[in-house]
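*Asks:* Next up is a structure, given as structure tokens.
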Amino acid sequence: MTDSDDFLEHTGLDTLAVRAGCHRSPEGEHSEALFLTSSYVFDSAREAAARFAGDTPGNVYSRYTNPTVRAFEERIAALEKAESAVATASGMSAILSTCLALLQAGDHILCSRSVFGTTTVLFTKYLKKFGVDTTFVDPTDMNAWRDGFRDSTRLVFVETPSNPLCDVVDLTRLAELTHEQGARLVVDNCFCTPALQRPLEFGADIIVHSATKYIDGQGRCLGGVVAGDRESMGEVLAFIRSAGPTMSAFNAWVFLKGLETLRLRMEAHSRNALALAQWLQEQPQVEKVFYAGLASHPGHELARRQQSAFGGVLSFRVKGDREAAWSLIDRTRIFSLTANLGDAKSTIVHPATTTHGRLSPEQRAEAGVTDNLIRLAVGLEDVDDLKNDLARGLG
């Protein structure tokens, strides 16, 4: 099958999730082939030189050219309606590769303060060492975004919905503002995936994913991917070629299989999460629930416009302190106590001491990550069993 422009333009998401990027070898395999090889053999020295120089298409070395990885990249690009995509070893390497490919010393990142804790550490500790500065702002305050720009701002980075409080950002307005300032808008679309939200359609320039999460769907492999315009992705690929944060062929093959059921899983995750969020907000031991699917959430109507469903992640504050949160977590029996999300198995975690534990107390306070906050990534189990498990913890 060839991914022609007509096929990509007029084919539905479910078909793209199953068929895009499927290029059969001469063996005629039906399932995507897994190419486990580090290098490739050339017919002549002239052909090898042309491949290495990029004068002719074809595989060179699996650090940056592998047929299985390329199939995954093409499928993600099709689903996100992007010109191109580049796979990486992890979600964080997707963010790092984007930044190091597109930024230089003296540049500035304007970032939501409601992002994954490790993203904050990457920007404030490591990129800062190389002369890239970052300012963090309230993601829902457009005036804060506007005031945060500098002449040197080159990237605007946002998660929507955010980790862990499910803040929702107006992508259309933020994209317009970003482009007025001559910068690029980068959106971490991990929580929604293209099954629920396609930020490029709202004006974003680049999408990043932790494929480890919902794209895999069963907690098996690490991976990341960046999607956007062909020129920018060429820069990211050039960085991957030199630096080597490469996705393995086996992981790409697993992710291809995960994409085949992506929409079905995301709809099921969303149904379970909404039911659980509605139940939690009725519990007297719960102080507040954060989930954009709830009408009480300040970003609810915006999420309805930008997303086809509300996703599988929610968080809530239990009445009490850290010990109360820990006690609830420890009494559950079905939820897996792990920081991963996007799994068929529901997970529970205490962000202040895990995913956001490397942040300073001040940074956690600004991000709303309190000691009594618990994050759930709602899986595919029977939702009544999940309610009973949390009731055991709340008891």
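The values are calculated or read from the model by the stated rules, or taken from the named source; none is laboratory data. Here the structure is a predicted model, which means the values were calculated and not measured. With ideal geometry, Cβ positions are generated from the backbone for all residues, glycine too; neighbour counts draw on all protein chains shown.
*Asks:* Would you be able to tell me the number of residues in the stretch 81-119 that are of a type in the set (Asp, Glu) and crowded, with 24+ Cβ neighbours inside 10 Å?
*Replies:* Looking only at the stretch 81-119, we keep the residues that are of a type in the set (Asp, Glu), and these are 83, 107.
With crowded, with 24+ Cβ neighbours inside 10 Å added as a condition, the list becomes none.
Going through the stretch 81-119 one residue at a time, the tally reaches 0.
*Asks:* Among the residues of the stretch 197-212, are any surrounded by 24 or more Cβ atoms within 10 Å (Cβ to Cβ), under 29 Å from LEU359 (Cβ atoms), touching a Pro at 6+ places or on another chain (Cβ under 7 Å) and free of Cβ contacts under 8 Å to residues at least 40 places away in the same chain?
*Replies:* no
*Asks:* In addition: Of the conditions (1) within 22 Å of GLU201 (Cβ to Cβ); (2) modelled with pLDDT under 95; (3) of a type in the set (A, V, I, L, M, F, W, C), PHE116 fails just one. Which one is it?
*Replies:* In the conditions (1) within 22 Å of GLU201 (Cβ to Cβ); (2) modelled with pLDDT under 95; (3) of a type in the set (A, V, I, L, M, F, W, C), PHE116 misses (1) alone.
*Asks:* Return yes or no: is GLY393 crowded, with 18+ Cβ neighbours inside 10 Å and over 25 Å from THR118 (Cβ atoms)? Don't jump to the end; show me each part of the working.
*Replies:* Working: crowded, with 18+ Cβ neighbours inside 10 Å: yes; over 25 Å from THR118 (Cβ atoms): yes.
Criteria met by GLY393.
*Asks:* Moving to a separate point now. Provide a single number: the residues in the stretch 110-130 that are closer than 21 Å to VAL168 by Cβ and free of Cβ contacts under 8 Å to residues at least 60 places away in the same chain. Walk me through how you get there before you give the answer.
*Replies:* In the first step, residues of the stretch 110-130 are kept if they are closer than 21 Å to VAL168 by Cβ; the result is 110-117, 119-120.
Filter once more, so that each one left must be free of Cβ contacts under 8 Å to residues at least 60 places away in the same chain: 111-112.
So the answer is 2.
*Asks:* In the stretch 372-393, how many are touching a residue at least 60 places away in the same chain (Cβ under 8 Å) and in a strand (DSSP E or B)?
*Replies:* Count: 4.
*Asks:* Can you list residue pairs whose Cβ atoms sit under 7 Å apart, with the first residue in the stretch 308-327 being at positive phi and the second being assigned to a loop (DSSP other than H, G, I, E, B) and hydrophobic (A, V, I, L, M, F, W, C)? Count only pairs 6 or more apart in sequence or on different chains.
*Replies:* Short answer, once both residue conditions are applied: GLY311/PHE191; GLY311/CYS192.
*Asks:* A further question on this structure: Taking ALA303 as the residue in question, decide whether it is assigned to a helix (DSSP H, G or I), in contact (Cβ under 8 Å) with a residue 24 or more places away in the chain and surrounded by 15 or more Cβ atoms within 10 Å (Cβ to Cβ).
*Replies:* Values: assigned to a helix (DSSP H, G or I): yes; in contact (Cβ under 8 Å) with a residue 24 or more places away in the chain: yes; surrounded by 15 or more Cβ atoms within 10 Å (Cβ to Cβ): yes.
In short, yes.
*Asks:* Same structure again: Within the bounds of the stretch 157-169, is there any residue that is part of a strand (DSSP E or B), among the charged types (D, E, K, R), within 14 Å of the chain's Cα centre (by Cα) and over 21 Å from GLU74 (Cβ atoms)?
*Replies:* Narrowing the stretch 157-169 to residues part of a strand (DSSP E or B): 157-159.
After this cut, where a residue has to be among the charged types (D, E, K, R) as well, the list is 159.
This time we only want the ones that are within 14 Å of the chain's Cα centre (by Cα), so: 159.
Right, trim to over 21 Å from GLU74 (Cβ atoms) and you get 159.
Scanning the stretch 157-169, I find at least one residue that is part of a strand (DSSP E or B), among the charged types (D, E, K, R), within 14 Å of the chain's Cα centre (by Cα) and over 21 Å from GLU74 (Cβ atoms), so the answer is yes.
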